[in-house]
Amino acid sequence: MDQITIVTGGSRGIGAATALRLAGDGHRVAVGYQHNADAATAVVTSIEAAGGTAVAVQVDTTAEDDVVRLFATAAGALGPVTGLVNNAGTTSRIGAFADLDAADLRRVVDVNIVGAFLCAREAARVLPRGGAVVNVSSGAATLGSPGEYIHYAATKAALDTLTIGLSKELGPAGIRVNGVAPGIIRTDIHAVSGDPDRADRIGTATPLGRPGNPSEVAEAIAWLLSSAASYVTGTTLRVAGGR
Ligand code: NAP
């Protein structure tokens, strides 16, 4: 089966590394982006330069029409979609839960839960037997992120529950649903939290003594999407350096 995979948030960070990694495995890749068209185009150009096939698609994953259009555009440009990397996500400024701003709470829930669930729903509608979904969760889901962003951690716990439920619902149709839970990874997301150096500062306190790189998460995602993981479903693989 040709592998045609949508990567949301494919313009930067973990998503960009994953799009490049999957293209190396022979996937045709739809690179979803929200604001950074130049970054998404650069990912597509890199894939094409290496002999692969990719297309950039603008999408706000919180908008239902956008998500439906993303899947239709990917299928039209690349062929029937067989995989989803449900990666687009965000956070808000680090702080105590008592100081949580309601608008930040709604935005993080909207992107990390509503957006991710809409993408998973669309995948459930179109993926064929042999298809697979990987939800990008976070180690925060089990750590809780006290003093930083408990609301963010809770959205990722919701995603882990989606992984369990949807894997059971789609298993009989031959579709696998898994997750990865990255730890502290060097990407731009830490700037969104108001602490751009967080990865290098906190990463050294992990058992492996350093933050992770996006490519190390991409490896796990690529494996979960591959036939090598053909009996793996309903689980979330921690890629967190022991944290
Ligand atoms: P990042 O560097 O900040 O990139 C975020 C990506 O998501 C960008 O491509 C962005 O698109 C896209 N995006 C954000 N909101 C979107 C929306 N509403 N619709 C469509 N796309 C949207 O983040 P990252 O660190 O690579 O994180 C990727 C995933 O890993 C997230 O789910 C995050 O929660 C999770 N994670 C990250 C870490 C870490 O330490 N980095 C740890 C655990 C889990 P544009 O660039 O086009 O705006």
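Annotations
- First in the stretch 118-139 and more than 25 Å from Pro214 (Cβ to Cβ), second anywhere and part of a strand (DSSP E or B) and open to solvent by 10 Å² or more (accessible area, probe 1.4 Å), Cβ under 9 Å, 6 or more apart: Gly130/Arg176
- Test: residue in the stretch 78-92 that is more than 19 Å from the chain's Cα centre (by Cα) and more than 14 Å from Val29 (Cα to Cα): no
- The stretch 29-43 - residue that is part of a strand (DSSP E or B) and among the β-branched types (Val, Ile, Thr) and, of those, nearest to the ligand (Cβ to nearest atom): Val31
- Given (1) in a loop (DSSP other than H, G, I, E, B); (2) among the β-branched types (Val, Ile, Thr); (3) without any contact (Cβ under 8 Å) to a residue 40 or more places away in the chain, number of the condition Thr142 does not satisfy: (1)
- Exactly one residue out of Ala116, Ala132, Ala181 is touching a Lys or Arg at 6+ places or on another chain (Cβ under 7 Å), open to solvent by less than 10 Å² (accessible area, probe 1.4 Å) and closer than 17 Å to Gly89 by Cβ, and it is Ala181.
- As for the stretch 46-57, it holds at least one residue that is touching a Lys or Arg at 6+ places or on another chain (Cβ under 6 Å) and polar (S, T, N, Q).
- Residue satisfying condition, being within 21 Å of Asn112 (Cα to Cα) and either touching a helix residue (DSSP H, G or I) at 6+ places or on another chain (Cβ under 9 Å) or crowded, with 16+ Cβ neighbours inside 10 Å (or both), within set Thr161, Thr155: Thr155
- Screening the stretch 44-62 for residues that are in a loop (DSSP other than H, G, I, E, B) and surrounded by fewer than 16 Cβ atoms within 10 Å (Cβ to Cβ) and picking the one that is nearest to the ligand (Cβ to nearest atom) gives Ala50.
- Some residue of the stretch 195-215 being more than 11 Å from the ligand (Cβ to nearest atom) and under 29 Å from Arg69 (Cα atoms): yes
The values are calculated or read from the model by the stated rules, or taken from the named source; none is laboratory data. Source: prediction; values computed, not measured. Backbone-built Cβ (ideal geometry, glycine too); neighbour counts: all protein chains shown. Accessible surface areas use protein heavy atoms only, side chains included; no ligands, DNA or RNA. Shrake-Rupley method; radii C 1.70, N 1.55, O 1.52, S 1.80 Å.
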